[in-house]
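See structure below.
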C-alpha cells in the first residue's frame, strides 16, 4: 500500500511576519510555521530591538511573555545556525496571537565547565518583560547561555559551584558523581 504524497506546502501567513519584514529591512530574519505555530528567527544582536518592537508596536502588541526556553541541537539531524537556541514564546492578549522568537548561539569554548563562553550570550529581555528574570536564570543554569544585562544572573536550580550545565546533550544522564556526594538529611538532622 502506498502512502499519499504530502501536497501541502507551508505558507508564511502569520500577520506579524510582514510587519517585522517591513520594519526591519536589511536584517537577517527568517520565519517558519509548523503545525500552526509561527516562529521568527533573529540574530542575537537584533534580538532586543525586535522584542521591544513586538511589544510596543500597536499592530503587534505582544504584551505577554509566556516562556523562555533553551534548546540544545547537538546531533540534530537537520543543520541549524548554532548548537544552542533560546526561544521566547510571546502572546498578544488583545488578538490572541502567539509567536515564538528564536535566536541561535554557537559555543566558542569547550562545553565542559562553568566558565563564561563569549559565544553563548544573548541580550536579556528583563527590561521589556520583568517576568523573564527567572526563566532566563533557568536557561543560564541548565545550558550556560548568559543573558547580558540581566539584573541577577545566577544559578536557580543547582548550587552556585555546580561544575556543569545539566540539560546540555553532552552531559551524562546519570550525572558526574553529584548523587554520590549528597548529604542525606534525615529526622535526626533537625
Task: Scan of region 1-22 for residues that are under 24 Å from residue 92 (Cα atoms) and either at pLDDT 95 or above or assigned to a loop (DSSP other than H, G, I, E, B) (or both), ordered by number - done: 10, 11, 12, 13, 14
- [ ] All but one of (1) in a loop (DSSP other than H, G, I, E, B); (2) closer than 30 Å to residue 15 by Cβ hold for residue 110, so report the exception by its number.
- [x] (2)
Open item on the list: Suppose the filter is out of contact with any helix residue (DSSP H, G or I) (no Cβ under 8 Å at 6 or more places or on another chain), at pLDDT 75 or above and at positive phi; does residue 175 pass it?
Closed with: no
- [ ] Taking the options 68, 89, 139, 122, name whichever one is outside any strand (DSSP E or B) and touching a residue at least 12 places away in the same chain (Cβ under 8 Å).
- [x] 139
Open item on the list: Being assigned to a loop (DSSP other than H, G, I, E, B) and at pLDDT 95 or above is true for just one of 62, 76. Which residue is that?
Closed with: 62
Task: residue 82 vs. criteria farther than 23 Å from residue 135 by Cβ and at pLDDT below 95 - done: no
Task: Answer residue from region 9-42, given it is closer than 28 Å to residue 118 by Cβ and loosely packed, with under 14 Cβ neighbours inside 10 Å and is nearest to the chain's Cα centre (by Cα) among those - done: 30
Task: Count of region 104-137 residues which are surrounded by fewer than 18 Cβ atoms within 10 Å (Cβ to Cβ), out of contact with any helix residue (DSSP H, G or I) (no Cβ under 8 Å at 6 or more places or on another chain) and either closer than 18 Å to residue 51 by Cα or modelled with pLDDT of 95 or more (or both) - done: 4
Task: Of the criteria (1) closer than 21 Å to residue 149 by Cβ; (2) modelled with pLDDT under 95, which one residue 101 fails - done: (2)
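The values are calculated or read from the model by the stated rules, or taken from the named source; none is laboratory data. Since this is a predicted model, take the numbers as computed values, not measurements. Note that we place each Cβ from the backbone using ideal geometry, even for glycine, and neighbour counts take in every protein chain shown.
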